[in-house]
Every structure is written in C-alpha cells, then in structure tokens.
Amino acid sequence: MADTPEYGSPAWCALRATDPRRAAAIITAAEQWRRRTSREAWLDRLLDEDPERWYAYVTADANAYAHTIAGALARRPTQDELAARRARHKTARAVVAAPGWPPVAIPGRPGWRRHRGPRGEQLDLSDNPYQEAAR
C-alpha cells in the first residue's frame with residue numbers, strides 16, 4: 001500500500017489494530033529486517049571464506065566515488081605547494097594618499113594619517129593637533 005506509514009512511527013501508532021495498513025507496515029518492517037540480517041550473514045561468511053573479495057565488495061562504493069573525484073584532487077595544490085605560496089614574500093607597497101580619497105592610516109604610527117597636499121605632495125599629519133605641535 002502506498003500510504004502505509006512506517007512501522008513504529010506516530011502515524012502507525014495512531015492506526016487501529018484492525019487497520020490493514022498496520023499489518024502491512026509490520027510485514028514491510030519484517031521483510032526489511034530479514035534482508036538486512038541475510039546480507040550481514042552473507043558478509044560475515046564472505047569475510048571468513050574470501051577476505052579479499054569481502055574487502056573489494058565493502059569498499060566498492062568508496063572506490064567508485066574516489067574515481068569520480070580523482071581528477072579534481074589531482075588539480076588541487078598539495079600542502080607543500082600551499083606552504084611555498086605562503087612563504088613567498090611580496091614587497092610591501094608604499095602608503096600613498098590618492099586624490100579624491102580620504103586620508104590613509106599609516107601602519108605602525110597610530111593616530112597618523114597620510115594626506116595629499118595642495119600640490120600633490122604626501123603629508124603625514126597627526127589626528128591630534130597637540131602632538132603635531134610638539135614635533
């Protein structure tokens with residue numbers, strides 16, 4: 001029956017004892033259990049009789065999946081390649097204030113900003129006017 005609830009589910013528990021769907025769910029669950037235990041027994045016998053064939057059978061799905069992703073894995077960089085990329089040091093760019101942009105904070109000098117002067121020169125000015133006067 002297509003609308004048979006799963007054995008033990010709340011919908012199955014709500015069925016009357018005389019409902020044929022209740023019996024169908026019990027029979028379906030029993031058949032699933034029989035198939036599962038039969039398969040487990042077969043695998044146990046196979047392990048005892050032919051371990052290599054058992055291993056091939058148990059790992060077949062994993063092997064098939066590995067074949068589908070092997071190409072993508074081969075194109076990925078290794079840990080050593082990633083470490084080498086991180087190890088390359090790039091030269092630091094100078095902090096330059098650009099026209100039309102707000103002043104740029106100067107790394108290593110808290111409270112100081114690089115401004116663009118009226119003639120295009122780079123000016124380092126403090127956010128604290130008292131600090132600038134003491135200079």
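A few points about this structure:
- Summary value for the range 84-135: 22 percent relative contact order, contacts being C-alpha pairs under 8 angstrom separated by 6+ residues.
- Candidates 79, 122, 32, ranked by Gaussian network fluctuation over the chain, Cα under 10 Å, top entry: 122
- Amide hydrogen proximity for residue 15: with H placed 1.01 Å from N in the peptide plane, no residue at 5 or more positions away or on another chain lies under 5 Å.
- Building the convex hull from the alpha-carbon atoms of the chain and averaging its projection over directions returns 23.0 nm².
- Near the amide H of residue 112, within less than 5 Å, lie the amide hydrogens of 106, 127, all on another chain or at least 5 residues away, with H placed in the peptide plane.
- Where only DSSP H runs of four or more residues are counted, the chain gives -17000 deg cm²/dmol as its mean residue ellipticity at 222 nm, each run worth -39500 (n - 2.57).
- At 1.567 mPa s and 4 °C, Stokes D of the range 37-116 from Kirkwood alpha-carbon radius, µm² per second: 67
- Accessible surface of the chain, 1.4 Å probe, proportion on carbon and sulfur as whole %: 56
- With protein chains left intact and a 1.4 Å probe, residues in the range 63-135 average 88 Å² of accessible area per residue.
- Applied to the range 18-31, the Karplus parametrisation 6.51 cos²θ - 1.76 cosθ + 1.60 on θ = phi - 60° returns per-residue 3J(HN,Hα) values of 8, 6, x, 5, 5, 5, 4, 5, 5, 5, 4, 5, 5, 5 Hz, with x for Gly and Pro.
- Within the range 77-107, trypsin sites (Lys or Arg not before Pro) in DSSP loop having at most 14 other beta-carbon neighbours inside 10 Å: 88, 90, 93
- Gain on full stretching of the segment that runs from residue 26 to residue 68 - 0.36 nm per residue minus C-alpha separation: 11.2 nm
- Taking the C-alpha atoms only, the angle from helix 60-75 to the longest principal axis of the chain is near 20 degrees.
- Loop-located trypsin sites (Lys or Arg not before Pro) across the range 1-44 with a Cβ neighbour count of 11 or fewer within 10 Å are 16, with loop assigned by DSSP.
The values are calculated or read from the model by the stated rules, or taken from the named source; none is laboratory data. Everything numeric here is computed off the predicted structure, so don't read it as measured data. Cβ coordinates were reconstructed from backbone atoms using ideal geometry, including for glycine residues, and neighbour counts include every protein chain displayed. We work out accessible area using only protein heavy atoms, side chains counted, and drop any ligands, DNA or RNA first. Shrake-Rupley method; radii C 1.70, N 1.55, O 1.52, S 1.80 Å.
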